[in-house]
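Participant: Take this structure first; my questions come after.
The values are calculated or read from the model by the stated rules, or taken from the named source; none is laboratory data. Note that the structure is predicted; figures quoted are calculated from it, not measured. Methodologically, a virtual Cβ is constructed for each residue, glycine included, from the backbone with ideal geometry; neighbour enumeration extends over all protein chains shown. For the accessible areas, the whole protein counts, side chains as well, though only heavy atoms, and no ligand, DNA or RNA atoms are used. Shrake-Rupley method; radii C 1.70, N 1.55, O 1.52, S 1.80 Å.
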Amino acid sequence: MNNQTLFPLYGKDKQADAPQASQVETPTHARRVYIETYGCQMNVSDSELMAGILMQSGHQTVSVLDDADVVLVNTCAIRENAETKVINRLTQLNHHKRRHPDLIIGVCGCMAQHLRDKLIDAAPYVDLVMGPDAYRDLPIALDSLARGVESHVSMTDRDPFVGLRLDKSEDYADIAPIRKEGIRAWLTIQRGCDKMCTFCIVPFVRGRERSLPLKLLVEDVEKLVDQGFKEVVLLGQTVNSYHDNDADFGDLLYAIGDVDGLERVRFTSPHPADATDSMIDAMANSPSVCKHLHLPLQSGSTEVLERMRRTYTAAEYRDLVSKLRERVPDIAITTDVIVGFCGETDAEFQQTYEMMADIRYDSAFMFKYSEREGTLAHKALPDDVPETVKGERLKQIIGLQEKISAEINTATVGDTVTVLVEGESRRDADKYHGKSDGFKTAVFPKADSKIGDVVNVRVERTTAHTLIGQIV
Ligand code: 5AD
């Protein structure tokens, strides 16, 4: 769960592309905008994009809700509880609006695209509903809503501004996102999804797949390095189906890995069916590409995978993992698993359990199937596994994975891992934290290191999720 606010980096000489005063078109009504982000890293990246669009048109982002004329909630639709969380937050924001009657409340992103009119019915106080391909219209929307506020049209009589067109040609390539200063930058290399997994709402809320040009992405990374970032995480719904004319994802990894001054490249999330030799080669051979692959399994049963339309069998997935471990020694593999998908029998669930026990993932995100209106499964397959059974199955695989993660971590005691120093430990001001190459959190005394350094840490002890040690 990410939930962060963004603020401008003006004056800190970090945002080379930040519009200069002379370039900024002054809008009729400059607004102070508070952006709140729910869901995945793609949403974090989209919020940075929204901030870029707003700043380019003379608006300002703020880091405190009380300072805002506009609050934009960037939302997730992947599971029902993601939407419930936002509905609850909107209720709170409506209370806030009672004290600040001119506050404009906008709902952006996947849930806006998914619920459409239903969102306006459920939360009639929402002024703006905008999907992921319509952010370019934010300045127009804020201008028109501000005119409503100034002409004293009562809140309930104002029509909300609705932007829900999906547009395969929209890649926001010309927009400079406004990022929080830091070590790790998110970079969207692809938008939308063409895979059509039956459980998944993403293709319906983010539209068709499109990749950004390789040359532009390399230039973006060069700028990020100039701004002080040390690590870039490439983002796409099926990030490894990236292509730009003849260049594929492996070519992109090599090109970005070669950028001077960049310490690390990561990416999320790949699709097993697109795990080509070219991707595996780049992971094995480009020194800056991290040896960590988040490879969503979803189910260990070929029958369930078929119902999910994942386009690989359980055996093909196992073969892929063997090949990765052979070609990329010490690779860390993590995954996503769904239990209780339509028609999942005890025997089919058992195959998932066994697959997880055999593969021994470093860590896993595990979910109960949540039926999403509009998906192929919603239209064609009954959501027939009882909630209690889903809960029991989830508990079983969480127990298994916790045990495996702890065992894998314990086995690293005595090893030395390379860590990119990210920041001060929340619990101890004398310590830093950072991620290992395999994306494990490490905590260690600062010694002479500073944020942004790459240090070697000898692991002395571990918890289920953390490596604790000393710089050597
Ligand atoms: N129900 C439960 N989990 C889902 N995911 C995607 N759609 C659903 C759904 N309808 C999970 C998948 C995916 C991750 C991002 O979320 O495991 O990989």
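Participant: Please list, ordered by first then second residue, the pairs with beta carbon atoms under 8 Å, 6 or more apart or interchain, first in region 44-63 and not assigned by TED's automatic domain parsing to the domain that holds residue 145 and of a type outside the set (A, V, I, L, M), second open to solvent by 10 Å² or more (accessible area, probe 1.4 Å) and in a helix (DSSP H, G or I).
Facilitator: No pair meets every condition.
Participant: I would also like to ask the following. Looking at region 348-358, is at least one residue surrounded by fewer than 19 Cβ atoms within 10 Å (Cβ to Cβ), free of Cβ contacts under 8 Å to residues at least 12 places away in the same chain and not assigned by TED's automatic domain parsing to the domain that holds residue 275?
Facilitator: Yes, region 348-358 contains a residue that is surrounded by fewer than 19 Cβ atoms within 10 Å (Cβ to Cβ), free of Cβ contacts under 8 Å to residues at least 12 places away in the same chain and not assigned by TED's automatic domain parsing to the domain that holds residue 275.
Participant: Sticking with this structure for a sec: Residues 112, 77: which one is more than 16 Å from the ligand (Cβ to nearest atom) and at pLDDT 95 or above? Steps first, answer last, please.
Facilitator: On the way: 77 fails: more than 16 Å from the ligand (Cβ to nearest atom).
Step by step, each of 112, 77 is checked, and only 112 is more than 16 Å from the ligand (Cβ to nearest atom) and at pLDDT 95 or above.
Participant: Quick one: how many residues across region 57-72 are assigned to a strand (DSSP E or B) and surrounded by fewer than 23 Cβ atoms within 10 Å (Cβ to Cβ)? Break it down stepwise before answering.
Facilitator: We begin by selecting, within region 57-72, every residue assigned to a strand (DSSP E or B); these are 60-61, 70-72.
Those left that are additionally surrounded by fewer than 23 Cβ atoms within 10 Å (Cβ to Cβ): 60.
Adding up the residues that qualify gives 1.
Participant: Follow-up. Identify all residues within region 80-109 that are surrounded by 13 or more Cβ atoms within 10 Å (Cβ to Cβ) and within 15 Å of the ligand (Cβ to nearest atom); write none if there are none.
Facilitator: 80, 82, 83, 85, 109
Participant: Could you count how many residues in region 365-379 are aliphatic (A, V, I, L, M) and either open to solvent by 30 Å² or more (accessible area, probe 1.4 Å) or more than 17 Å from residue 79 (Cα to Cα) (or both)? Walk me through how you get there before you give the answer.
Facilitator: Taking region 365-379 as the starting set, the residues that turn out to be aliphatic (A, V, I, L, M) are 366, 376-377.
Remaining after also requiring either open to solvent by 30 Å² or more (accessible area, probe 1.4 Å) or more than 17 Å from residue 79 (Cα to Cα) (or both): 366, 376.
Result for region 365-379: 2.
Participant: Scan region 290-304 residue by residue and report those that are more than 12 Å from the ligand (Cβ to nearest atom) and either within 20 Å of the chain's Cα centre (by Cα) or surrounded by 22 or more Cβ atoms within 10 Å (Cβ to Cβ) (or both). So that I can check it myself, show each step before the final result.
Facilitator: Of the residues in region 290-304, the ones more than 12 Å from the ligand (Cβ to nearest atom) are 290-293, 300-304.
Result: 290, 291, 292, 293, 300, 301, 304.
Participant: Quick check on my filter: what residues within region 103-122 are in contact (Cβ under 8 Å) with a residue 60 or more places away in the chain and β-branched (Val, Ile, Thr)?
Facilitator: The answer is 104, and nothing else.
Participant: Name the single residue that is nearest to residue 251 (Cα to Cα) among those in region 298-319 being out of contact with any helix residue (DSSP H, G or I) (no Cβ under 6 Å at 6 or more places or on another chain) and of a type in the set (A, V, I, L, M, F, W, C).
Facilitator: Restricting to residues being out of contact with any helix residue (DSSP H, G or I) (no Cβ under 6 Å at 6 or more places or on another chain) and of a type in the set (A, V, I, L, M, F, W, C), the top hit is 315.
Participant: Something else about it: Inside region 104-130, can you point out the residues that are outside any helix (DSSP H, G or I) and farther than 12 Å from residue 73 by Cβ?
Facilitator: As a first pass, look at region 104-130 and keep what is outside any helix (DSSP H, G or I): 104-109, 116, 123-130.
Scanning region 104-130 gives 116, 124, 125.
Participant: List the number of the failed condition for residue 382; all other conditions in (1) in contact (Cβ under 8 Å) with a residue 12 or more places away in the chain; (2) more than 16 Å from the ligand (Cβ to nearest atom); (3) open to solvent by 60 Å² or more (accessible area, probe 1.4 Å) hold.
Facilitator: Residue 382 satisfies all of (1) in contact (Cβ under 8 Å) with a residue 12 or more places away in the chain; (2) more than 16 Å from the ligand (Cβ to nearest atom); (3) open to solvent by 60 Å² or more (accessible area, probe 1.4 Å) except (2).
Participant: A further question on this structure: Scan region 343-370 residue by residue and report those that are within 14 Å of the ligand (Cβ to nearest atom) and of a type in the set (Asp, Glu).
Facilitator: Selection gives 344 alone.
Participant: Kindly indicate which of 184, 206 is at pLDDT 95 or above, open to solvent by 30 Å² or more (accessible area, probe 1.4 Å) and under 19 Å from the mean Cα position of the chain (by Cα). Show your work before the answer.
Facilitator: Working: 206 fails: open to solvent by 30 Å² or more (accessible area, probe 1.4 Å).
Exactly one of 184, 206 is at pLDDT 95 or above, open to solvent by 30 Å² or more (accessible area, probe 1.4 Å) and under 19 Å from the mean Cα position of the chain (by Cα), namely 184.
Participant: Just for helices (runs of 4 or more DSSP H) wholly inside region 145-263: which have at least 3 residues that are within 16 Å of the ligand (Cβ to nearest atom)? First the steps, then the outcome.
Facilitator: Details: elements: 202-206, 214-226, 249-257.
Correct list: 202-206.
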